[in-house]
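Trainee: Supplied in structure tokens, the structure appears directly below.
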């Protein structure tokens with residue numbers, strides 16, 4: 001059985017923003033914060049970075065993750081860079097009842113389940129959803145499309161969105177916790 005889905009375009013998602021200038025001013029290293037922000041992006045979502053210099057080394061890293069970039073100098077010699085996902089990946093699919101993804105909150109839990117065999121990824125995602133509050137979002141990486149998970153999420157009143165990465169080896173999935181259906 002194929003789940004009901006819809007194709008979403010990147011234009012429906014507001015870019016996630018991160019300003020690393022305060023981190024750098026305090027002597028910190030922003031790379032980890034940048035990668036956490038990138039890992040929390042919804043499929044098709046862009047990423048806007050503010051930095052006190054042109055972050056040239058980051059361009060190659062983000063290119064390897066499937067992002068193009070547009071950099072422009074802004075006031076005071078600072079830089080704004082917009083990283084946009086290339087459209088080579090699979091279209092984003094979402095449950096039929098999924099609200100506009102741009103209004104979903106950032107994930108409160110991240111699960112890397114790529115090394116687990118079925119049904120363990122489904123068990124862990126359902127258990128995590130039980131721990132979270134309605135409206136919370138979790139993000140999971142899986143080694144295959146979880147076709148048996150989709151109806152289980154629907155039965156429990158949860159919404160989902162996801163797609164395969166560009167290599168088609170990892171399924172990226174967001175689950176928005178709902179209220180149980182009566």
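The values are calculated or read from the model by the stated rules, or taken from the named source; none is laboratory data. Being a predicted model, the structure only gives us computed values, none of them experimental. Note: ideal-geometry Cβ built from the backbone for every residue, glycine included; neighbour counts use all protein chains shown.
Trainee: Could you list, in sequence order, the residues of segment 152-177 that are assigned to a loop (DSSP other than H, G, I, E, B) and either under 14 Å from residue 101 (Cα atoms) or out of contact with any helix residue (DSSP H, G or I) (no Cβ under 9 Å at 6 or more places or on another chain) (or both)?
Mentor: In the first step, residues of segment 152-177 are kept if they are assigned to a loop (DSSP other than H, G, I, E, B); the result is 156-158, 165-170, 177.
Result: 157, 158, 165, 166, 167, 168, 169, 170, 177.
Trainee: Related question: Which is within 23 Å of residue 156 (Cβ to Cβ), touching a strand residue (DSSP E or B) at 6+ places or on another chain (Cβ under 7 Å), in the same structural domain as residue 136 (by TED's automatic domain parsing) and surrounded by fewer than 16 Cβ atoms within 10 Å (Cβ to Cβ), of 117, 97?
Mentor: Values: 117 fails: touching a strand residue (DSSP E or B) at 6+ places or on another chain (Cβ under 7 Å).
From the options 117, 97, the qualifying one is 97.
Trainee: Could you please find all residues in segment 120-152 being surrounded by 20 or more Cβ atoms within 10 Å (Cβ to Cβ) and farther than 19 Å from residue 170 by Cβ?
Mentor: 129
Trainee: Continuing with this model, one more query. Under 24 Å from residue 36 (Cα atoms), out of contact with any helix residue (DSSP H, G or I) (no Cβ under 6 Å at 6 or more places or on another chain), without any contact (Cβ under 8 Å) to a residue 24 or more places away in the chain and not in a loop (DSSP other than H, G, I, E, B) - does that describe any residue in segment 119-126?
Mentor: Yes, the conditions are met somewhere in segment 119-126.
Trainee: Between 138, 111, which is under 16 Å from the mean Cα position of the chain (by Cα), within 13 Å of residue 161 (Cβ to Cβ) and modelled with pLDDT of 90 or more?
Mentor: Details: 111 fails: within 13 Å of residue 161 (Cβ to Cβ).
The unique qualifying residue is 138.
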